[in-house]
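Notes follow the structure.
Where a number appears in this text, it was derived from the coordinates with a stated rule and is not lab data. Since this is a predicted model, take the numbers as computed values, not measurements. Here the Cβ positions follow ideal geometry from the backbone for every residue, glycine too, while neighbour counts run over all protein chains shown.
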Amino acid sequence: MTANVTQLKSQNSATLTDNSSNKRIDFPMLEGSVGPKVIDIRKLYAETGHFTYDPGFTSTASCESKITYIDGDEGVLLYRGYPIEELAEHSDFSEVCYLLLKGELPSASEKRKFEHDITVHTMVHEQLTRFYQGFRRDAHPMAVLCGVVGALSAFYHDSLDISDARQRMIASHRLIAKLPTIAAMAYKYSVGQPFMYPRNDLNYAENFLYMTFGVPCEEYKVNKTVARALDKLFMLHADHEQNASTSTVRLAGSSGANPFACIAAGIATLWGPAHGGANEAVLQMLQEIGSKDRIPEFIRKVKAKEEGVRLMGFGHRVYKNYDPRAKVIQKSCHEVLGELGVKDEPLLEIAMELERIALQDDYFVQRKLYPNVDFYSGIIYKAMGFPTAMFTALFAVARTVGWIAQWNEMIEDPAQKIGRPRQLYTGHGRRAYVPLHRRG
Ligand code: CMC
């Protein structure tokens, strides 16, 4: 039996013809505010007894959303309609958090109130600090984040009722506020230094730098250039529509799971090298290449698809053009390194040469592989003093607002149902049990 979408019957519907029965069924076409139309196949199974097959969701819109829009062919990224380049240039992370969560840019008083609502939650329950002692000192910060963020649900019982909008917002504020504290504590634990309590007189990025690099016996002076650059990186990473970790958060949340558990699931997904773990993998790759003269040999291995060798920080499921975030980060990279007095960072030189060669090479050109957000970010994080293992944790800190905004949107969506994909089963059909003594 075959079934093909044969034609767009009109602007507003698509007709599917089941060739085996000659049955024709109309499906509505839904139109968003921008972007491609989608065929609404919700009644497909009920009407035909067939499912669609789309591993990796390359052609599937899993939800309706008003938060983030990407045009992958044009290299456009909008948060609530605002271009990422403009936000990175003129806005700040707290404003972007407000925008993603609430839909509009805040007024001055709304911004002040929001910053207050976040900073009152920056400390973690004192007992949570004991969790860290249970980890090995060399635990990966993402392993610590998965565990500790999941454990928040054991501490904040007054914000677990997902049917209560106020509790949902308190949980959202708590997550945005506590992620930097939890991530900085993961770093402090790994280097054997005391945890630093947050400082609510500092802004989000400044406070994170203070909790990471400050020590109790000395005054810590925040480097404003570094703080501003980190704030910008946080803005660039804040949301990215229905990527793997966000879809995980939504799927986990669709069962009614509490927000802390859902965000822990998102963190686990982000950790993978094909997703947020790529920023760490890029730095390892650049260090392994080691010098510009070894780039051609590395590119040869990538093109030969030698096992496990990919040009990390290149390629994207949606962007078939330069990732707009990578453009901003590349520019920032030069500025930050210049400000910090890092002259001739060899890894930056290798990265720029890799990019130059790849963008001229047929293999990458034909597959439309361009630098993504992770290609240059690690070089800045390294210059700021973060160890490589912290890179993905920094991504998680920034992405928490996107995850929680999407989670809230899902809960408030009247069309929301538990996420329950089906499958194309290719295993055995029914067969009789064979007792142990009769198995050859
Ligand atoms: N290096 C070499 N070849 C690549 C790369 C790469 N980085 N990315 C894709 N390809 C090739 C791939 O081998 C395939 O070739 P062919 O058509 O000959 O089989 C073709 O390009 C299409 O690749 P795909 O794996 O089917 O594409 P995808 O949309 O499933 O994967 C991706 C997207 C991001 C997982 C992939 O490009 C990749 O693994 N990139 C490296 C990891 C990375 O930088 N990830 C960060 C993504 S952006 C931030 C985030 O999401 O967190």
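Laid out as a table, the results:
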quantity: Net charge, Lys368 excluded, C-beta distance under 13 Å - Lys, Arg +1, Asp, Glu -1; calculated: -2
quantity: For Phe314, residues with placed amide H under 5 Å, excluding near neighbours; calculated: Asn372
quantity: If the convex hull is drawn through the Cα atoms of the stretch 272-345, its volume per residue in Å³; calculated: 117 Å³
quantity: Distance histogram in 20 Å bins (all Cα pairs of the chain, percent per bin); calculated: 23, 52, 22, 3
quantity: Cβ-based net charge around Arg228, under 11 Å, with every Lys or Arg adding one and every Asp or Glu removing one; calculated: -3
quantity: Net dipole in debye of the stretch 281-440 [+1 Lys, Arg Cβ; -1 Asp, Glu Cβ; about Cα centre; nearest 20]; calculated: 1360 debye
quantity: Per-peptide average of other Cβ atoms within 10 Å, ordering 176-183, 269-276, 426-433 highest first; calculated: 176-183, 269-276, 426-433
quantity: Neighbourhood charge, 11 Å Cβ-Cβ cut-off, centred on Asp18 and excluding it, Lys, Arg +1 and Asp, Glu -1; calculated: +1
quantity: Quotient of Cα Rg and 2.2 N^0.38 Å for the stretch 320-359, N being how many residues it contains; calculated: 1.25
quantity: Whole-Hz couplings from phi, Karplus 6.51/-1.76/1.60, listed for the stretch 100-115; x for Gly and Pro; calculated: 5, 6, 10, x, 9, 5, x, 6, 4, 6, 5, 5, 4, 5, 5, 4
quantity: Distance from the stretch 49-66 to the stretch 175-200 (C-alpha centre basis), Å; calculated: 39 Å
quantity: Packing-based ranking, highest mean first, of 359-369, 249-259 given that Cβ atoms within 10 Å are counted; calculated: 249-259, 359-369
quantity: Cα centroid separation - the stretch 119-148 against the stretch 208-269, whole Å; calculated: 14 Å
quantity: Radius of gyration and maximum dimension Dmax of the stretch 180-337, Cα, Å; calculated: 18.7, 54
quantity: Mean separation of Cα contacts under 8 Å, 6 or more apart, over the residue count of the stretch 129-215: relative contact order %; calculated: 26 percent
quantity: All-pairs Cα distance distribution in the stretch 86-164, expressed in whole percent, bin size 5 Å; calculated: 3, 11, 17, 15, 16, 16, 13, 7, 2, 0
quantity: Inverse of mean 1/r across different Cα pairs in the stretch 349-403, Kirkwood, Å; calculated: 13.0 Å
quantity: Stokes-Einstein diffusion coefficient of the stretch 27-144, Kirkwood radius over Cα pairs, 20 °C, 1.002 mPa s, in µm²/s; calculated: 113 µm²/s
quantity: Ellipsoid semi-axes in whole angstrom, largest first, where each is sqrt(5λ) of the Cα gyration tensor of the stretch 298-393; calculated: 24, 14, 13
quantity: The stretch 115-208: C-alpha pair distances exceeding 16 Å, %; calculated: 54 percent
quantity: Peptide ranges 69-77, 13-21 listed from the most packed, as the mean C-beta count within 10 angstrom indicates; calculated: 69-77, 13-21
quantity: The chain - charge dipole about Cα centre, Lys and Arg +1 at Cβ, Asp and Glu -1, debye rounded to 20; calculated: 1720 debye
